[in-house]
Amino acid sequence: MAPEARLTSAMLVGALRRRVAAAGGFATILVRGDAISGVILVQTLEKGQESGLFERVSNFAGGHALMRCGPSVEEGTEALADYVARRRKSDPDLWIIELDIPEAERFAAETLC
């Protein structure tokens, strides 16, 4: 039996960028990771205000889910920057994409999962 084909991280990030742009939002790749299988972190904003950080993770049922990760928005931008720096140090293949659009989490979940 042949292994199931899957979309690469670069394809998923590209699709997310195009989808957000088509809806009138902004999507910026902050860090390019491994094109094939890099972990994807999504930093969400609405009108320039931080609203969360999410990671695409396996749901152990053959699919993926978007899970909140890192410090809360209330902890501030410095806590977020420290968390991202630690993640990048431990995983150089990591992707980080910033979305500035209403319902950014929904866009990310629908596209990446």
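The values are calculated or read from the model by the stated rules, or taken from the named source; none is laboratory data. Since we're looking at a predicted model, the values are computed, not measured. Positions of Cβ are generated from backbone atoms using ideal geometry, with glycine treated the same way; all protein chains shown enter the neighbour counts. Heads up: the accessible areas ignore ligands, DNA and RNA and are worked out on the full protein's heavy atoms, side chains in. Shrake-Rupley method; radii C 1.70, N 1.55, O 1.52, S 1.80 Å.
Structural remarks
- Calculated FRET efficiency, Thr77 to Lys47, Cβ-Cβ distance, R0 = 22 Å: about 0.90 to the nearest 0.05.
- Carbon and sulfur %, accessible surface of the chain computed with the full protein complex present, 1.4 Å: 53 percent
- For the chain, averaging the sequence separation of C-alpha pairs within contact (under 8 Å, six or more residues apart) and dividing by the residue count gives a relative contact order of 38 percent.
- Rolling a 1.4 Å probe across the protein heavy atoms gives region 61-113 an accessible surface of 60 Å² per residue.
- Antiparallel content of DSSP bridges confined to the chain, in %, to 5: 75 percent
- Summary of the geometry: region 18-62 and region 67-103, compared by the centres of their Cα atoms, lie 10 Å apart.
- Sites Asn59 and Ala22 - FRET efficiency at Förster radius 25 Å, r taken between beta-carbons, to 0.05: 0.40
- Added length on full extension, which subtracts the Cα-Cα distance from 0.36 nm per residue, Ile36 to Asp91: 18.4 nm
- Total charge dipole magnitude, region 33-99, about the Cα centre, Cβ charges on Lys, Arg, Asp, Glu only, Debye to nearest 20: 180 debye
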